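The values are calculated or read from the model by the stated rules, or taken from the named source; none is laboratory data. These numbers come from a predicted model, not from an experiment. Note: ideal-geometry Cβ built from the backbone for every residue, glycine included; neighbour counts use all protein chains shown. SASA here: full protein model, heavy atoms, side chains in, ligands and nucleic acids out. Shrake-Rupley method; radii C 1.70, N 1.55, O 1.52, S 1.80 Å.
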Amino acid sequence: MKIGLIYAGVLTTAAAFVMLYSYLVAPKTRGSGVIFGLLFGISTGASYACGGYAVHPIPGLLAVGWFVLCVIEAIAGGLIVGALVRERPQATA
């Protein structure tokens, strides 16, 4: 197993998650973080679960579990990002 590659993938996904939220979501609240996490989790969870189910000999219930846990994890991440990332103050001229 190439553990370095796994860490690189996780760090890349986490960085993309935070940057997408900070640059594209307004207003920056816990609620918008949860919604962002839900949508991110559905999209990544669906591709992860369907892709895994399509190429590996696993039971369908395992793929459903992967999807659900991916959504829960992304919602938790959205809650954290929503609590930590704030609007940038506008410069006054």
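Table for the structure above
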read-out: All positions within segment 28-41 that are open to solvent by less than 80 Å² (accessible area, probe 1.4 Å) and farther than 19 Å from Val10 by Cβ; value: Lys28, Thr29, Gly31, Ser32, Gly33, Val34, Leu38
read-out: Of residues in segment 24-43 being more than 17 Å from Leu79 (Cβ to Cβ) and either assigned to a helix (DSSP H, G or I) or of a type in the set (D, E, K, R) (or both), the one nearest to the chain's Cα centre (by Cα); value: Ser43
read-out: Residue satisfying all of: in segment 47-93; of a type in the set (D, E, K, R) and assigned to a loop (DSSP other than H, G, I, E, B); modelled with the lowest pLDDT among these; value: Arg88
read-out: One residue from Tyr21, Tyr48 being open to solvent by less than 40 Å² (accessible area, probe 1.4 Å) and under 18 Å from Ala74 (Cα atoms); value: Tyr21
read-out: Segment 24-37 residues that are more than 19 Å from Val71 (Cα to Cα), paired with ones that are of a type in the set (Lys, Arg) (beta carbon under 9 Å, 6 or more apart); value: Lys28/Arg86
read-out: Yes/no for Tyr7 being surrounded by 15 or more Cβ atoms within 10 Å (Cβ to Cβ) and among the hydroxyl-bearing types (Ser, Thr, Tyr); value: no
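So that you can scan it fast, the table gives a plain yes or no per residue for (1) out of contact with any helix residue (DSSP H, G or I) (no Cβ under 6 Å at 6 or more places or on another chain); (2) β-branched (Val, Ile, Thr); (3) on the phi > 0 side of the Ramachandran plot; (4) touching a residue at least 12 places away in the same chain (Cβ under 8 Å):
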{"site": "Cys50", "(1), (2), (3), (4)": "yes, no, no, yes"}
{"site": "Ile58", "(1), (2), (3), (4)": "yes, yes, no, no"}
{"site": "Cys70", "(1), (2), (3), (4)": "no, no, no, yes"}
{"site": "Gly82", "(1), (2), (3), (4)": "no, no, no, yes"}
{"site": "Glu87", "(1), (2), (3), (4)": "yes, no, no, yes"}
